[in-house]
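Contents: one structure, followed by commentary.
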Amino acid sequence: MSALDANLKQKIKELAVSDAFLQKNKKFSAIYENRYQTEGTPVFGHSLSSFQLNAIQSRLKTAQNSLSLGKYIQKLAADKGRFHYNEAFFGQAQITRQYWSKLIRDQYPNPSKEVILRIAILFRCDLKQTHELLAKAGYTFSDCNRRDQLVLSCIELGVYDFADIEELLEDEGLSLF
């Protein structure tokens, strides 16, 4: 277990509350939001415009062609060379063989946000990958949640040691993983 350097600890805490960092994370979260608003005109017996219908069809096609949570986790694991279960490696994230197997086969319907964050940290995901992973599980980071911002700051600064992250959370009086 490595102890965080005091300067790095301070940087993480400062980054977690900086406006620039909050804006960067809002940008990643906005990927999954529809920013177009149009006036509806009656088409096919309802009030959706043809633009809105096309946008909906496009979104449905994109969803159909995108990776599920399990497939995305499989891709991350394969990219990191950690597809097969290893007790020592996955144990760091408190993920059992049975849970891992169900998760990558999309047999676990609602993994918790904490599990998703543990996977992001375990695979040393960058911010974009972390946001993608969370979005596929139906989660997002809150810009007013100190815990979320602290964990994101750790990821941004390359702090992936569970003990260090939990120490920072505890120092701030925030709930642990």
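The values are calculated or read from the model by the stated rules, or taken from the named source; none is laboratory data. Just so it is clear, the model here is predicted, and its values are computed rather than measured. We place every Cβ from the backbone using ideal geometry, glycine too, and count neighbours over all the protein chains shown.
A compact table of results
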| read-out | value |
| --- | --- |
| Every residue from segment 136-158 that is at pLDDT 90 or above and among the acidic types (Asp, Glu) | ASP148, GLU156 |
| Residue list for segment 53-103, restricted to those being part of a loop (DSSP other than H, G, I, E, B) and farther than 20 Å from ASP126 by Cβ | SER68, HIS84, TYR85, ASN86, GLN94, ILE95, THR96 |
| Of all residues making up segment 139-177, the number that are basic (Lys, Arg) and within 18 Å of ALA3 (Cβ to Cβ) | 0 |
| Enumerated helices (runs of 4 or more DSSP H) restricted to segment 111-171, each holding at least 1 residues that are over 12 Å from the mean Cα position of the chain (by Cα) | 113-122, 146-156, 162-171 |
| Qualifying position, being modelled with pLDDT of 75 or more, farther than 30 Å from LEU157 by Cβ and surrounded by 10 or more Cβ atoms within 10 Å (Cβ to Cβ), among LEU53, LEU48 | LEU53 |
| Where a residue in segment 66-81 is at negative phi and its partner, wherever it lies, is among the charged types (D, E, K, R) and buried (at least 19 other Cβ atoms within 10 Å of the Cβ), with Cβ under 9 Å and at least six apart | TYR72/GLU132 |
| Residue within segment 12-26 that is at pLDDT below 80 and touching a strand residue (DSSP E or B) at 6+ places or on another chain (Cβ under 6 Å) present | no |
| Subset of segment 122-177 that is β-branched (Val, Ile, Thr) and under 16 Å from PHE21 (Cβ atoms) - its residue that is surrounded by the most Cβ atoms within 10 Å (Cβ to Cβ) | VAL151 |
| Among residues of segment 1-20, those that are in a loop (DSSP other than H, G, I, E, B) and surrounded by 12 or more Cβ atoms within 10 Å (Cβ to Cβ), counted | 3 |
| Filter result for GLN94 (more than 17 Å from the chain's Cα centre (by Cα) and farther than 24 Å from VAL159 by Cβ) | no |
| Residue in segment 92-104 that is aromatic (Phe, Trp, Tyr), in contact (Cβ under 8 Å) with a residue 40 or more places away in the chain and buried (at least 17 other Cβ atoms within 10 Å of the Cβ) present | no |
